[in-house]
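Each value in this text was obtained by applying a stated rule to the coordinates, not by laboratory testing. The model shown is predicted, which means the values in this text are computed figures rather than measured ones. No Cβ is skipped: glycine too gets one built from the backbone with ideal geometry, and neighbour counts run over all protein chains shown.
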Amino acid sequence: MKAMIQANIAVEAMIANGTRGTIEEIILDPRENAVHEIDEDGTVTLKYPPAMILFRPNNPTHIRFPGLPEGLIPLTPTRGTFTVEGRDGVTTKGVSYE
């Protein structure tokens, strides 16, 4: 699946906002069930963020990771919190994963 990095993950390795590449593999969280229901449109809904995504940038990087084929970059989700105050004064808090 084609993908684009949307954060500066490792600028020294040229893995930064705008880096394009391909997701080679999605490694699920071990708490996920082995069997997933697939919606009519092919969507699979997970309960947890993936444990890791293996990303292959279109432009090769000089960084190598032991145990992985050359060119693959392991990405793990990061958790962030946010607060949004609406015009009506209502505050909404949430959690996001990147």
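Classify the stretch 2-97 as rounded, prolate or oblate, taking a ≥ b ≥ c as the square roots of the eigenvalues of its Cα gyration tensor: rounded when a/c is under 1.5, otherwise prolate if a/b is larger than b/c and oblate if not.
Working: a/c = 2.25, a/b = 1.31, b/c = 1.72.
In terms of gyration-tensor shape, oblate.
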Notebook entry, point to check: Quick one: if you stick a label point 7 Å off each Cα along the C-beta vector at residue 78 and residue 1, how many nm between them?
Noted result: 2.1
Notebook entry, point to check: Simple spin-label model, 7 Å along Cα-to-Cβ: residue 46 to residue 32 in nm?
Noted result: 0.4
Next item on the list: Choose one answer from 67, 80, 18: the residue with the largest mean-square fluctuation in a GNM of the chain with alpha-carbon springs under 10 Å.
Entry: 67
Notebook entry, point to check: From the backbone phi of the stretch 11-23, what are the Karplus-calculated ³J(HN,Hα) couplings (6.51 cos²θ - 1.76 cosθ + 1.60, θ = phi - 60°) in whole Hz, Gly and Pro given as x?
Noted result: 4, 4, 9, 6, 10, 9, 3, x, 5, 9, x, 10, 7
Check: Ranked highest first by the average count of other Cβ atoms within 10 Å around their residues, in what order do 81-89, 23-31 fall?
Finding: 23-31, 81-89
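What FRET efficiency comes out for the pair residue 63/residue 90, r = Cβ-Cβ distance, R0 = 41 Å, nearest 0.05? If you can, show how the numbers build up before the last one.
Values: r = 44 Å, r/R0 = 1.08.
Approximately 0.40, to the nearest 0.05.
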